[in-house]
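Only one structure is covered here, and it is reproduced in the block below.
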Amino acid sequence: MKSKKIDKTKISIIVILGLIYISMLILNFITPLIMDDYNYAFGLNGRLNSISDIFNYQIWFYLNWGGRNVAHFIAQLFLMNNKIIFNIINPIIYTLMVYLIYNLIKGKNKHNPLYLILIHFALWFFTPVFGQSFIWLTGASNYLWTTTIILIFLNIFIHLETSSKKYNIVQIVLFGILGIIAGWTNENSGASLLFMLIAYIIMTKLIEKRKLKKIHVAGITGALIGFIIMIAAPGNYVRSSGFEDNSFFIIKWIKRAISITQTGERYLLCLAIISVVLISIYIYKKQKINKKIFIYFIGLIIAMYSMIASPTFPERSWTIIIIYAIIINGILLYNLEIKNQLKKFILIDCIIVAIFIFANSYILAFKDSYQFYNVWKSRAEEIEEGKKKRIEDYQFEPYFTTRKQSASFALGDIYENKKDINNQIYARFFDVKSISASTNE
């Protein structure tokens, strides 16, 4: 009987992850290249044709624009090939991310596949620009893929904590390399990872009086090295010089911290209320709270306020913050000791309601994305036909999506000024003289 239950659980997990994959696969296939995709499809000497082209561009990028080489290497690797490859693989990474979040929430507890659905819905509704973070090629490379790398690192790190196995030098070095890649992802994610690892050291060495394993030290050291490599990129300082703000740095940072807090209220209020309610139940029931939530809370705070050092804080950068909040709430809910049947019925009721809301939201996002896809498809066809007639200048009516789950939401489109940088990038990609938005005259 026991083995049958395990089999049913495994089947449920596979079915749910499969449905999540299909839902994301559809959205990826109806998403064209967008904005920065057209730019990063080029290296230093024209269109990308080889890995060496990507490496050469990444060296230039590191020296002139920023240190996110891991993310942009992934993006350019896909942009060098047919987007169909990305459309198939990207939903796998999203599905893997959902499972990794679930695994961190579950810990040593028994499987409960219902949480996979809750995690997917929480990401769908709470991520500020879901489409930009998880579907747009360049955006997904910067946020979905890098977040997944960090979650893989954390899952292994936690597994090593409970393992009594001795690790050889090769395994230690490999985990150190993974740490470098995880620390070299993006600014607030890398910073949050480092502080979470520091919190882990404090909890392990000072509070629980346990020894750190060599493989843990390698991972932590690697994460620090990767983060330093990213932050030390000369391109960061070249790019920041383009933002003029001559106010005293303390005043500047205070203003940014206030702005971040106000934005955080908008994005995190609902999740914060859920946390407060769950913690209140824990206190009422005199139940111990899992210490790991404090580590994720530190990660959340650092991921938020490390951005005071940045002149901009795009909505996409809230992705890792939302994920930490979901993990915190997930751990609190998973470990909450109430009658199993009652907890199960509450979860099922919540999921049933959420499914109807999600279904409507998904249909609207599909329509929105598909319309944008058709717009760019018709533009490309018109350009190809026009080039046969030696037409060099093109004007199109701009189109803007309205659903945050659409990859192009809030990213803009084409503009009236032919010299607009985005218009010039589009023209270079399609090998024509100019592409611009039609005027209203």
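The Cα-based radius of gyration of the chain, divided by its Kirkwood radius, gives an Rg/Rh of 0.98.
Ligands, DNA and RNA left out, the accessible area of the stretch 12-146 computed with a 1.4 Å probe is 68% carbon and sulfur. For the chain, the longest principal axis of the C-alpha atoms and the axis of helix 292-305 are separated by about 30°. The length gained on full extension between W253 and I279, counted as 0.36 nm times the residue separation minus their Cα-Cα distance, comes to 6.2 nm. For the chain, the solvent-accessible area works out to 51 Å² per residue, with a probe of 1.4 Å and every protein chain left in place. Within the accessible surface of the stretch 155-202, defined with a 1.4 Å probe on protein heavy atoms only, the carbon and sulfur portion equals 77 percent.
Ligands, DNA and RNA left out, the 1.4 Å accessible surface of the stretch 328-441 is 56% carbon and sulfur atoms. Spin-label model, S50 to I363: label points 7 Å out along the Cα-to-beta-carbon direction sit 5.2 nm apart.
To one decimal place, what Kirkwood hydrodynamic radius in Å is obtained for the stretch 211-332 from all pairs of distinct Cα atoms?
Values: mean 1/r = 0.0585 Å⁻¹.
Averaging 1/r across every pair of different Cα atoms and inverting gives 17.1 Å.
Cross-link partners of K433 among lysines, defined as those whose alpha carbon lies under 24 angstrom from its own and excluding same-chain residues fewer than eight positions apart: K377, K387, K388, K389, K418, K419. Helix 83-106 and the longest principal axis of the Cα set of the chain meet at an angle near 20°.
In this structure the amide hydrogen of R47, modeled in the peptide plane, comes within under 5 Å of no amide hydrogen from residues 5 or more places off or on another chain.
With r as the distance between the Cβ atoms of L160 and Q341 and R0 = 45 Å, compute the FRET efficiency 1/(1 + (r/R0)^6) and round to 0.05.
Numbers: r = 36 Å, r/R0 = 0.80.
My answer for the efficiency is 0.80.
Close amide H contacts of M35 (hydrogens built in the peptide plane, cut-off under 5 Å, sequence separation of 5 or more or a different chain): none are found. Charging the Cβ of each Asp and Glu at -1 and of each Lys and Arg at +1, and nothing else, the dipole of the chain about its Cα centre rounds to 2580 debye. Relative to the longest principal axis of the Cα atoms of the chain, helix 169-183 runs at roughly 60 degrees. Once fully extended, how much extra length lies between I88 and I22, figured as 0.36 nm per residue of separation less the alpha-carbon to alpha-carbon distance? Extending this stretch completely gives an extra 22.8 nm.
Starting from 0.36 nm per residue, how many nanometres of slack lie between Q287 and L269 once their C-alpha separation is accounted for?
Details: separation 18, 0.36 × 18 = 6.48 nm, distance 2.45 nm.
Full extension of this stretch gives 4.0 nm more.
The values are calculated or read from the model by the stated rules, or taken from the named source; none is laboratory data. Remember, it's a predicted structure, so these values are computed and weren't measured experimentally. A quick note on method: Cβ atoms are made from the backbone with ideal geometry, for glycine too, and the neighbour counts reach across all protein chains shown. Remember, those area values only see protein heavy atoms, side chains included, never the ligands or the DNA or RNA. Shrake-Rupley method; radii C 1.70, N 1.55, O 1.52, S 1.80 Å.
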